[in-house]
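Read-outs throughout are calculated quantities, based only on the coordinates presented, and are distinct from any laboratory measurement. Here the structure is a predicted model, which means the values were calculated and not measured. Here the Cβ positions follow ideal geometry from the backbone for every residue, glycine too, while neighbour counts run over all protein chains shown.
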Amino acid sequence: MCLVPDHEIEKMMHDGLLVITNYSANGLTPNGYDLRVAEVRLEGGESITSGTAIIPPGKLFFVSTMERVELPNDLAAQLWTRTSWLRKGLLMGLGKIDAGFHGTLTFSGFNASSEPVELPLGSRMVQMVLERMHSPVERTYEKRSGHYQGQQGITLKPADKK
C-alpha cells in the first residue's frame, strides 16, 4: 500500500473514482483530507446539529461527519485525530475505512482532560489518509459485511439486513 498525495486525491475526485460530498478545499492536506463535524451526541443525550457542543470532562461522545465518502475497490483509508484536538484532551476511537465503503462516518470520542472542551460544528476533526492498495479487493466492504454501508448521521448500531 502507498499513501495518496493531495494532487492524486483531486484527480481521483475529478475523474469520479473517489467521491467526497460536501468537499471543502480547506480540508485537503498533503497526504489526506480533514473530515468535519456535522453532529455531536453526548452519551445518553440528544444530538447537537448546530452551534458548538460542550464536551464535559470524562464524558463519552459521538461525532458524525459532514462529508459522505465513497471509496473505490482499490482504496482504503486510515483515520487520525487532528493533533489540535489531542492537545485539548479529546481522544477519538478511530480505525480504517474499508475499500468500497459509502456513507458518512461515525466516531466515538472521550474528553480525557479536566476541563470542558468546546467543539464547534463544522470543525475539522479527523484526518482521512487514503491508501492505494496494490490490487483491487475481491469483495468490497458492502459484500463482506456492509453493516454500516450507506449510513447517514450518528450510527451506533448496524442496519438490519433485508
Averaging the inverse of every distinct alpha carbon separation and then flipping it gives the Kirkwood radius. What is it for the chain, in angstrom units?
16.2 Å
I want to check the label-to-label distance for GLU46 and SER114. Put each point 7 Å from Cα in the C-beta direction and report it in nm to one decimal.
3.3 nm
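Which net charge results when you count Lys and Arg as +1 and Asp and Glu as -1 among the other residues whose beta-carbon is under 12 Å from that of GLN78? Could the numbers behind the result be given before it?
Working: positive: LYS96; negative: ASP98, GLU131.
Counting the neighbours of GLN78, the net charge comes to -1.
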Report the charge-dipole magnitude of region 1-70 in Debye, nearest 20, computed about the Cα centre from +1 at each Lys and Arg Cβ and -1 at each Asp and Glu Cβ.
240 debye
Which value in deg cm²/dmol, rounded to the nearest 500, describes the helix-derived mean residue ellipticity at 222 nm for the chain, given -39,500 (n - 2.57) per DSSP H run of n ≥ 4 and division by the residue count?
-2500 deg cm²/dmol
In region 2-134, with Lys and Arg counted as +1 and Asp and Glu as -1 at Cβ, which of these residues, ILE9, LEU130, SER84, has the Cα nearest the positive end of the dipole, that is, farthest along it?
SER84
D (Stokes-Einstein, µm²/s), Kirkwood Cα radius, region 66-113, 1.567 mPa s at 4 °C:
108 µm²/s
